[in-house]
Structures are given as C-alpha cells and as structure tokens.
Amino acid sequence: MRTTAILATTVLIASPVLAQDTQFYDSAIKHMPKDGIVKLYGAGGPHTAFKKVAEVWETQTSNKVEIIAGPESKWSAAAQADADILWGTSEQSMTAFLQTYLTFSSDQVDPIYIRPTVIAVKAGNPKGIDGFDDLLKDGIKIVVTEGSGVYNTSGTGTWEDVAGRTGNLEDVRAFRKNIVSYALGSGASFKAFKDMDADAWITWPNWPITHPDVLDMVQIDDDRQIWRDVNVAVAPDADPEAQMFLDFLITDEAQSLMKTEGWVR
C-alpha cells in the first residue's frame, strides 16, 4: 500500500508538468517547411539582430528569410507547421521548446552567441545606479523577468543567479524586497518597467540598446555576471537554404552585426 501511495503521488505531481511543457502541441499539425522561405521562430530579443543579418544575406543571395518572434503562444501553431529553424534565448528555453516542436531534437541544437545580464535603468539614470549594490538600497523599484512556472523565457532565474552569485543570502533577501514586478517575458517586463515607473530591470543588453529613448544600460559587476546563450536548431526536413543562412549567421560579417546588440561568440 505504501508503494502504491508513492506512485500515485508521483503521477499527480508529474502530470501538470507534462501538460505545461506541451501546452501548445497540436498533433493535427503536419510539419511541412519546404516552401522556399527560410523561417525562424523564437522569443523576442535576438530577432532584431537576426533581422540585420537576414537583410544582408537576402541582398547577397536573393533568398528569402522570415524572422518570427514574440511570445510562443503567438507563433506556436505556425512553427509546428513550417519552421525551418528554432532559436532559444537560453538553454532552458530551447529544452522547453523541444517538448512541443517534435521535428527538432536536442542533438540538433547549436549554441551560436552568448550575452551577459545587465541592469537597465531609466534613460539618464536619474537614481545614479552604478552597479548591483545600488539595487539593494531602500526605495529602489526593480523589475525582473520570470517564467513563474507557466512561461518559457530566458529571464527565468537570472535575478536570483545575479543576487546570489557571491553566496550572500542577505543580498538575495534585500534584492527581493525591492522587486515590484515578476513579469512573464521580456516584453512584459519592458511594459512593467514603464507602467510601474521602475528604477531598474535585470535584463539583456539588446533591450537598452534598441530602446535608448527609454533605457540606459549599467553593467553588472564581473563577480556577479551571468551569461546565457542563444541557440538554434534546424529541422531535418528544412528548406536547403536554412543551413546556408545559419552558416552565414556566424560569419565575421554577421558577428559584427550581432555585436551591435550585445551578442558575442
């Protein structure tokens, strides 16, 4: 009876996780990506730099590339039908994607760029935030990006990793007291930062770089720096030009473009 109870408990705990990981999966959708257009799907963030690279590649080759980005719920069905390439904004993000986009597998995933966490502050930095320690002061309002167990985002856990990096529990406690929003995804975090008149947001370089009218960027101290990669996977049945684009995406020319938004190799 004891063994049965343990097994039953295990099933009850595990079932919601399975449902969550595959919440967008639709077995009725057939993956048919060969349409003459290289289509990449993923979360917002890398897409602005990817588009810069895609424009150059299209000009050089006359091939067509479409970069489809945003919350997964907005593009999941389309990706299941015609994605040539998936990108993950972190390893944990791609691992979650692979539960839904079954044409892709873990052995196809290739990390291609990496970037550090930064502190985004209001343009002009009115609070004079100079580093992590300033985020622990009374009255500082911080936005963090979190998946909260229901949303696939590269920001999940980054604030905790940064705050706890030196092994000081009091830093985590002080930082947590100043959090005013746990937003589901970077887009939602950016909106919360503005709507809540926040002072700081733990995020990635591309956000302040692409929104200089709203955000300035403050580097996080080296001893607290957290890096996460962007990775890609190409479908086995993708358009043949898909791999050609990925090869171009890591050339010296492409690296120069990606670096303008904080992505490095």
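The values are calculated or read from the model by the stated rules, or taken from the named source; none is laboratory data. The structure presented is a predicted model; accordingly, all values stated were derived computationally and were not measured. Glycine also receives a Cβ, built like all others from the backbone with ideal geometry; neighbour counts cover every protein chain displayed.
For the reader, a short list of remarks on this structure follows.
- All conditions in (1) over 21 Å from the mean Cα position of the chain (by Cα); (2) part of a loop (DSSP other than H, G, I, E, B); (3) not β-branched (Val, Ile, Thr) hold for Gly262, with the sole exception of (1).
- Within the stretch 151-187, considering residues that are out of contact with any strand residue (DSSP E or B) (no Cβ under 7 Å at 6 or more places or on another chain) and at pLDDT below 95, the one farthest from Asp222 (Cα to Cα): Tyr151
- Residues in the stretch 232-247 that are in contact (Cβ under 8 Å) with a residue 60 or more places away in the chain and surrounded by fewer than 17 Cβ atoms within 10 Å (Cβ to Cβ): Pro236, Asp237, Met244.
- Residues that are touching a residue at least 60 places away in the same chain (Cβ under 8 Å) and more than 15 Å from Thr203 (Cα to Cα) within the stretch 102-122 comprise Leu102, Thr103, Phe104, Ser105, Gln108, Val109, Asp110, Pro111, Ile112, Tyr113, listed in sequence order.
- Restricted to the stretch 220-265, and to residues there that are touching a Pro at 6+ places or on another chain (Cβ under 8 Å) and among the polar types (S, T, N, Q), the residue that is farthest from Gly167 (Cα to Cα) is Asn231.
- Unmet criterion (only one of (1) at pLDDT 90 or above; (2) more than 20 Å from Val218 (Cα to Cα); (3) not polar (S, T, N, Q)) for Asp138: (2)
- In the stretch 56-111, residue modelled with the lowest pLDDT [restricted to those that are acidic (Asp, Glu) and surrounded by 18 or more Cβ atoms within 10 Å (Cβ to Cβ)]: Glu72
- Against the numbered list (1) under 15 Å from Ser154 (Cβ atoms); (2) touching an Asp or Glu at 6+ places or on another chain (Cβ under 8 Å); (3) among the hydrophobic types (A, V, I, L, M, F, W, C); (4) at pLDDT 95 or above, Val38 comes up short only at (1).
- The stretch 180-213, residues that are farther than 19 Å from Asp229 by Cα, in a loop (DSSP other than H, G, I, E, B) and in contact with a Phe, Trp or Tyr (Cβ under 8 Å, 6 or more places away or on another chain): Leu184, His211
- Qualifying residue in the stretch 23-30 (condition: touching a helix residue (DSSP H, G or I) at 6+ places or on another chain (Cβ under 6 Å) and modelled with pLDDT of 95 or more): yes
- Note on the stretch 144-174: among residues that are over 17 Å from Ala43 (Cβ atoms) and among the hydrophobic types (A, V, I, L, M, F, W, C), the one that is surrounded by the fewest Cβ atoms within 10 Å (Cβ to Cβ) is Leu169.
- Residues located in the stretch 89-109, provided they are within 12 Å of the chain's Cα centre (by Cα) and within 14 Å of Ala235 (Cβ to Cβ): Met94, Phe97
- Residue satisfying condition, being closer than 17 Å to Val65 by Cβ, small (Gly, Ala, Ser) and not in a loop (DSSP other than H, G, I, E, B), within set Ala242, Ala238: Ala242
- Filter result for the condition that a residue is more than 17 Å from Thr158 (Cβ to Cβ), touching a residue at least 60 places away in the same chain (Cβ under 8 Å), in a strand (DSSP E or B) and touching a helix residue (DSSP H, G or I) at 6+ places or on another chain (Cβ under 8 Å), over Asp216, Asp229: Asp216
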